[in-house]
Each structure stands twice: as C-alpha cells, then as structure tokens.
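Scroll down for the structure; my scribbles are underneath it.
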C-alpha cells in the first residue's frame with residue numbers, strides 16, 4: 001500500500017469516527033431533552049393560591065396565628081385570588097393580613113397601607129364604592145395620625161388616593177364619576193395647601209405637582225360640561241336661566257383654580273436651577289392654552305406673546321420659535337403626563353388623516369377627512385367632525401401674534417358599523 005493510499009484511509013477513518021461521535025452525541029442530547037420534557041409534563045402545574053395556603057398553614061403550625069411572617073403571605077394570597085377574580089375571598093385575605101399587622105404593630109400602624117389600598121380595589125370590583133371610600137379614608141387617617149394633615153410626607157399618600165379615584169372614574173356612572181371627582185378635588189385642595197405652606201417653588205417636583213392640580217380642574221369642568229352637576233337631591237340642574245348661571249359660576253371656579261396652579265408652574269420653573277428657557281416658554285404657552293379653552297381670548301393672546309418673547313435671549317431663538325410655535329397644536333390637559341406635542345410623521349393603518357384650518361383663536365374650521373374608508377358611514381364621519389370641532393388648538397404664532405394656519409392631525413378610525 002502506498003503512502004498516499006495509507007494517508008487517505010486514515011483520513012476517511014478519522015472523518016467516520018467524528019461523524020459517529022456527532023451522531024451519538026446528538027442522539028444523547030435528544031434523548032435527554034425528551035426525557036426532561038416527559039418529566040416536566042408529569043410535574044403538576046403549581047397553583048399560587050394553594051402555595052400561599054400551604055405556606056400560611058406551615059407558619060401558623062410552627063409559630064402562631066399572628067406571626068409577623070403571615071401578613072405578607074396573606075397579601076400575596078389576596079393578590080393571587082384577586083387576579084382570579086375571586087374578589088370576596090381576596091378581600092377576606094387582605095383583611096386577615098391587615099388584622100395581623102394591627103395586632104403586631106398597633107391599630108394605627110402605617111404598615112396597613114398596602115392592605116387598605118388592596119381592599120379599596122377589591123370592594124370597587126364588587127360594586128361596594130362606599131366601602132372602597134371607607135378604606136381610603138382609613139388610609140388617610142392613619143397617615144395623618146403619624147404625620148399630621150399638613151406635613152409634606154402626606155403628599156405621597158394623597159398622590160395614591162388621587163390616583164385611585166381618577167383611575168376608577170371610568171368604571172362608574174356619570175353620577176358615580178362625579179362623586180369620584182368631588183373627593184379628588186378635596187384631595188387636590190389638601191395637596192395645594194401643603195405645597196403652598198411647606199414646599200419651596202424651587203423643589204424639583206413642584207412644577208409637575210402644580211401642573212397635575214391644574215389639569216384636574218379641567219377634567220372636573222369638562223365632566224360638568226358633558227353631564228351636568230348633580231344637586232344634593234341627585235337631580236341635575238334644569239335648562240333654565242338658573243342652570244346657566246350655576247354652570248357659568250362652576251366653570252369660573254374651576255378656571256380660576258386651574259389658572260392659579262398653572263401660574264405656579266411658571267413661577268416654579270423660573271426658580272428651578274436646571275430649568276431652560278424652552279421649559280419656561282412652554283409653561284407660559286400652556287397657561288395661554290388654559291385661557292383659550294375657557295374663552296379668555298385676550299389673556300390667551302398676551303400669554304402666547306410672552307411665551308414667544310421668553311426665547312428672545314436664546315442663541316437659537318428663531319429656530320426654537322419655529323419648532324415650538326410655527327404650527328398649531330392640539331390642546332390636551334392629560335392627567336397622566338405633562339405637555340405633549342401632536343406632531344406626527346404620518347397616519348398609521350388604524351388612523352385617518354384630517355385636514356383643517358385653525359383660526360387665530362384656536363378653532364378648527366373647514367374640517368375634511370382625507371380618503372375616508374368605504375365602510376365608514378356618513379353618520380360616523382359627521383360624528384368625527386363634530387368631535388374634532390369641539391377640540392381647541394394653540395394657534396400658530398408669527399412674531400408672537402396668533403394667526404390662522406392650515407393643519408393636519410391623525411385620528412383613530414371609528415369602528416365600522418355592523
């Protein structure tokens with residue numbers, strides 16, 4: 001056998017050995033994976049509720065029925081039951097956990113807070129709104145006993161309560177929603193008092209806190225505009241002149257409270273070390289928006305002019321003015337975020353392009369839907385135009401003066417009629 005033939009045979013044998021090793025390894029891995037999968041399939045799926053109950057039983061057997069470790073276990077059990085929509089059982093678990101906290105740390109212990117919030121949520125899903133409010137009042141009470149009503153440490157608690165009432169607003173009837181807003185305004189007034197007495201305007205959180213209080217007033221005023229204001233007897237105001245005067249008075253009250261809050265936003269930003277001229281200009285323009293939506297056109301024009309002038313000393317003044325004020329912007333006082341832009345690159349597949357002319361007073365005119373879908377009825381398109389017509393826009397500013405301008409927005413398509 002020649003040297004070449006011998007070398008070739010050795011290489012073939014080596015390659016065959018590698019292939020054999022590879023096949024055996026692959027079969028071994030596949031077998032192992034298959035075996036593991038069979039083991040997994042045989043394992044029962046863990047039930048968090050049962051796991052919590054087992055853990056509770058073990059702790060109670062080893063220690064006592066009021067062991068401090070139990071409260072967290074009951075909180076976890078309640079949340080697991082809540083996620084399964086077993087609200088009555090969840091409430092019982094939360095109440096048991098809270099009872100353990102009270103036994104160990106006192107009737108007014110602050111450790112009850114997560115249980116009270118969870119009880120409020122659970123009661124609301126069961127339609128027991130009065131009991132939800134009672135739980136939140138208890139939350140407020142234990143915190144005031146610990147800190148006092150006007151202590152700055154009450155702000156996070158009031159934030160939680162305000163979030164709860166606003167987040168549950170959509171789950172209620174118009175009268176129930178109004179009840180939520182009444183309580184929300186009381187909470188906001190307490191927050192405003194603390195901010196005015198104990199929080200400096202140069203505090204980094206001050207602008208957002210005041211802004212949120214201002215937005216809340218718009219939310220309340222908008223609810224009353226849409227549904228009316230229930231009287232103490234539960235009836236809404238009539239449509240006579242007395243109703244007009246009452247509505248006007250109510251609107252002015254919320255306008256004034258919101259204006260004061262947004263003025264504080266401007267004052268606070270002026271005192272912030274890291275506040276920019278852009279931040280200040282946008283806050284002043286937002287105050288102008290507030291005047292505009294409440295029909296104070298002259299004051300709105302003055303505020304817009306001031307917002308434009310604030311950028312005067314900036315090196316990029318003209319560029320910033322072009323970016324911020326050369327196009328109309330939809331006015332939105334959202335409770336979930338700060339000022340926002342409505343500038344969009346283009347419509348998505350679920351949106352319609354709407355063309356309009358925005359007047360110098362922020363009123364949309366000549367509203368036209370471009371290329372409406374064939375499955376949208378004329379009634380739906382008319383409703384869409386009506387909705388947009390009720391919106392208000394910050395007008396275009398040229399040299400600080402409001403001017404009419406063409407504008408495009410993108411709106412979600414109405415659902416096709418069946």
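Computing FRET efficiency as 1/(1 + (r/R0)^6) for residue 375 and residue 108, where r is the C-beta to C-beta distance and R0 is 45 Å, gives about 0.15. If you plug the beta carbon distance of residue 316 and residue 55 into 1/(1 + (r/R0)^6) with R0 = 41 Å, you get a FRET efficiency near 0.10.
Full extension of the chain segment joining residue 163 with residue 46 gains 38.7 nm, where the gain is 0.36 nm per residue of separation less the Cα-Cα distance.
Between residue 273 and residue 197, how high is the FRET efficiency from 1/(1 + (r/R0)^6) when r is the Cβ-Cβ distance and R₀ = 25 Å? Nearest 0.05.
Efficiency at R0 = 25 Å is approximately 0.65.
Protection proxy ranking for 291-298, 134-141, using the average of other Cβ atoms within 10 Å per residue and placing the highest first: 134-141, 291-298. For the stretch 38-191, the alpha-carbon radius of gyration amounts to 1.20 times the rule-of-thumb value 2.2 N^0.38 Å expected for a compact globular protein.
Taking 0.36 nm per residue of separation and subtracting the current Cα-Cα distance, fully stretching the chain between residue 186 and residue 363 would add 60.4 nm.
Computed from the coordinates by the stated procedures, all read-outs in this text should not be read as laboratory data. Worth saying up front: this structure is predicted, and the values here are computed from it rather than measured. Please note: Cβ atoms are built from the backbone with ideal geometry, for glycine as well, and neighbour counts cover all protein chains shown.
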